[in-house]
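Below you'll find the structure, written out as C-alpha cells, and then a few comments.
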C-alpha cells in the first residue's frame, strides 16, 4: 500500500480500533505507522485518540482508515463501548514480555463483540525488539489468532518491524470483504 493525499480517491472508509491492556504498545504502533516516530516514555491514552490515514493498494483502490487508539486503562472501561461501535477492523495488541496481556485478550474480544459486527481481527505481539525479555512464544500468538479467526504478526514500534504490514494486511482484508458483498 502506498500513501495518497487525494481524498477523492478513497473508495472505502474503515473504522479500526486497537485494543489491549495499558502499556502494551498500542499508541506506539499507531505513532510509528502515522509519523514514523517512536517515543520511549509511556504516556497513557486518556479515553481515545483518533487518527486518519488515506492509503491506496496496488490496484488503485483507496481506503481511509479511521484509527481509534482506545485506552487500556481500567478506569475507562465504562466509556469504551461507545468507541467500539461501527468498527470493521480490530487490532488486538499484547506485550511479548508480559504473558498476562495475551491472556487478557479474551476480555477485550468479548467486550468489543458486543458492539461490532463480524470485524476482521489482527493479533499483534508487540515489543519484539525486547527479545531478551520475551516471555510469550510465537506459537502462542498464532494459536490465539487462530482462535479468534484472525491473523498474527509480531511487531516492534521501536524498530518498525511489521508496523506498516499490520495496517496493510488488515486494510487488504477489509477491502476484500467489501468487494465480496
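The values are calculated or read from the model by the stated rules, or taken from the named source; none is laboratory data. Small disclaimer: the values here were computed from a predicted structure and weren't measured. Glycine gets a Cβ as well: all are built from the backbone with ideal geometry, and neighbour counts include every protein chain shown.
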Problem set entry | Hits in the stretch 136-181 - residues which are at pLDDT below 95, in contact with a strand residue (DSSP E or B) (Cβ under 6 Å, 6 or more places away or on another chain) and over 27 Å from residue 35 (Cβ atoms) | 178
Problem set entry | Within the stretch 136-181, tally of residues that are closer than 14 Å to residue 96 by Cα and in a strand (DSSP E or B) | 3
Exercise. Residue 79 fails exactly one of the following numbered conditions: (1) under 24 Å from residue 172 (Cβ atoms); (2) surrounded by fewer than 16 Cβ atoms within 10 Å (Cβ to Cβ); (3) free of Cβ contacts under 8 Å to residues at least 60 places away in the same chain. What is the number of that condition?
Worked result: (1)
Seminar exercise, completed: Sole miss for residue 24 among (1) outside any strand (DSSP E or B); (2) crowded, with 20+ Cβ neighbours inside 10 Å; (3) modelled with pLDDT under 95 is condition (3)
Problem set entry | Among (1) farther than 27 Å from residue 55 by Cβ; (2) in contact (Cβ under 8 Å) with a residue 12 or more places away in the chain, the one test that residue 165 misses | (1)
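Which helices (runs of 4 or more DSSP H) does the stretch 46-125 wholly contain that include 3 or more residues that are in contact with a helix residue (DSSP H, G or I) (Cβ under 9 Å, 6 or more places away or on another chain) and at pLDDT below 85?
It comes to 77-84.
Checking the conditions here, which among 173, 166, 105 is surrounded by 21 or more Cβ atoms within 10 Å (Cβ to Cβ) and under 24 Å from residue 56 (Cα atoms)? Steps first, answer last, please.
Numbers: 173 fails: surrounded by 21 or more Cβ atoms within 10 Å (Cβ to Cβ); 105 fails: under 24 Å from residue 56 (Cα atoms).
On inspection, the qualifying residue turns out to be 166.
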For this session: Could you run through the stretch 126-135 and say how many residues are in contact with a strand residue (DSSP E or B) (Cβ under 7 Å, 6 or more places away or on another chain) and part of a helix (DSSP H, G or I)?
Result: 1
